[in-house]
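The values are calculated or read from the model by the stated rules, or taken from the named source; none is laboratory data. Since the structure is predicted, the reported quantities are computational estimates derived from the model, not experimental observations. Heads up, the Cβs are rebuilt from the backbone with ideal geometry, glycines too, and the neighbour counts pull from every protein chain shown. Side chains are part of the model used for accessible areas, which takes the heavy atoms of the whole protein and leaves out ligands, DNA and RNA. Shrake-Rupley method; radii C 1.70, N 1.55, O 1.52, S 1.80 Å.
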Amino acid sequence: MSGRGWHRFDFLKIGLDDDRDARVMVAVLQADLWRRFAPAVIAAILLALLGRIPEAIIWMTLISVNEIIEVNLNRALLKNPAFRPRILYAHLLNWVCGGSMWSGLAIYLWTSWNTAENLFAIAIIIGGTLHVAFNYSDWWKGAFCSMLPLATGLLVLPTMVVFGEADVTYKIVVATCFATLFYYAVTTTNKFIRKQAELRRAIIEAASANKSKSAFLANMSHEIRTPMNGVLGMAALLDETVLSPRQKEMVDIIQASGDTLIRVIDDVLDLSKIEAGQINLEIKAFNLEDLINTISATAEVRALEKQLLFVRDVDAAQALCLMGDEIRIRQIVSNLVSNAIKFTETGTITLRVSTQLDEDAQTVHTAFDVIDTGPGISEYEQTRIFLPFMQGDVELSRIHGGTGLGLSIANQFAQQMGGKLSVQSELGKGSTFRFSCVLPVATEECADGRTCRPVTEHKTQPVMAPDLEESFTILVAEDHPQNRRMLELMLEPLNPELIFAVNGEEAVRMYQTNKVQLIIMDIQMPIMDGVSALKAIREIEAETDKRRVPVIALTAHAMKHQVEQYLADGFDDHIAKPVRAVDLITKLDQVRDYHTP
């Protein structure tokens, strides 16, 4: 605090920053009650042992009153989020009183000139100073008010010696020792409090930056997925036309490149959410055999494309029904298999699954080993291969591409579910990646061990339209012109009547003036977003007794928790961008099939 600040009495001004810091400090005080009260009880016991029983009783009475006031002030501040400066001023006054009681006790003991009591007094001053410095540094004004009486006591003790009847040399020694102690206590405490404040600000800024980063990545994901929706959608439509071999190759490259870009976006978002602690496991029942079959079906096709042999080595206990996050387990194992296929040019890819049932604990130790005959990984690269953006051999990475995020994300997921991801490899002799975890047996959901099915990303109910006449009208709300044209081309096989809106407000207006059997609603649009437009449509339905029109969300924000929120908001289903023609037609065929005689 500068001198000019002191002249303006800035210390006496309580602002919102003080309120924020005080709440942090008070939360510490609330949890620290017994640790504060215990030394007070010990001090009373020592006073009694020294023959000062009346002083011990007075001491405990004063301290108890101070702590009762403290607890009530703490509750008053923490229970009410409103900014109330009076509560903060009352806290400061109470802390001054509390510090004064400890300092007063030290001064009282010092006056006895008894060695034991003098040491007791010094211990009170030093202990109190350290306690305030290390525990109450969240609000510097509170720390100052708590420290001020103790610092004053530290000055009073040598002063009493200097003006007493002791020898001059003794006075000089005591005064020098206390002056040095006072200097180091004040300066060290001040530095520590400042560093704590800087650290707290840095943590707040880091949290804010992380939140901004997550928002930026989410927005960038939307901005990239939206044009990619047009690119991949048009490429898929073009692929269904008659093409020459050269044209077919070009379309395949467009689709493969677009899919790669989408996977990179998904990996970056996953890593960001893991760092922010926003990934939660979805523990549900799943069938281990079904999971293995799903992974193997995809792996066999990809291995065949590279003329590799894919081998399944699964023990007899695979037909278990377990509790766990099937989506994350499949993501981990699929990543290991995908990497093995990508980096192996000739030979075999083996997926080995072993299980060990613990009947007492009703858990299963499950291990997925992915073994390849690829180039292998050096010992040095093995130590850092699970770090973000780290890859093995640089030349191989240039040839095969990738961001180096897949294994890092898989490792984070494995750790989150209490599992482990490891690698054993030797250059020129291939690699073995193992994912192991312990999963409970799903005894209730799958009593026979075979009744559960793979867990899907989300549960949706079939979208059903109201009774139709000859016409079948779909309202499409999408602000991107290329995406509107792409949806129009994708919907041509169903031969519907299409009405287009470029924002949510226009979609609501067109719904009111047209007989619409189905709405495809983009989420992020100008003027009025898709969620707000849906709420307006539902309100109109409730007011006019119209039959509920099914609304499908069209969104680039397709994370699991986002999809669940859309369904909770009232959407009947969702289609993720980039839109696949087969997914779109499948959703709409549910409506057409419902009304086919």
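Worth a mention:
- Just one of the listed residues (Gly99, Gly153) is modelled with pLDDT of 85 or more and under 19 Å from Thr187 (Cα atoms), namely Gly99.
- Inter-residue pairs, beta-carbon under 7 Å, first under 23 Å from Ile87 (Cα atoms) and without any contact (Cβ under 8 Å) to a residue 12 or more places away in the chain and in the range 53-76, second surrounded by 13 or more Cβ atoms within 10 Å (Cβ to Cβ) and among the β-branched types (Val, Ile, Thr), 6+ apart: Ala76/Ile87
- For the range 80-114, a residue qualifies if it is under 41 Å from the mean Cα position of the chain (by Cα) and open to solvent by less than 40 Å² (accessible area, probe 1.4 Å), and the qualifying residues are Ile87, Leu88, Ala90, His91, Leu92, Asn94, Trp95, Gly98, Gly99.
- Sub-9 Å Cβ pairs linking a first residue in the range 488-500 that is closer than 20 Å to Lys515 by Cβ to a second residue that is small (Gly, Ala, Ser) and not in a helix (DSSP H, G or I), at least 6 apart or interchain, are Pro496/Ser471; Glu497/Ser471; Phe500/Ala477, ordered by first then second residue.
- Of the criteria (1) free of Cβ contacts under 8 Å to residues at least 12 places away in the same chain; (2) crowded, with 18+ Cβ neighbours inside 10 Å, which one Leu119 fails: (2)
- Filtering Val231, Val264, Val251 for residues that are modelled with pLDDT under 80, in a helix (DSSP H, G or I), of a type in the set (Val, Ile, Thr) and open to solvent by less than 50 Å² (accessible area, probe 1.4 Å) leaves a single hit, Val264.
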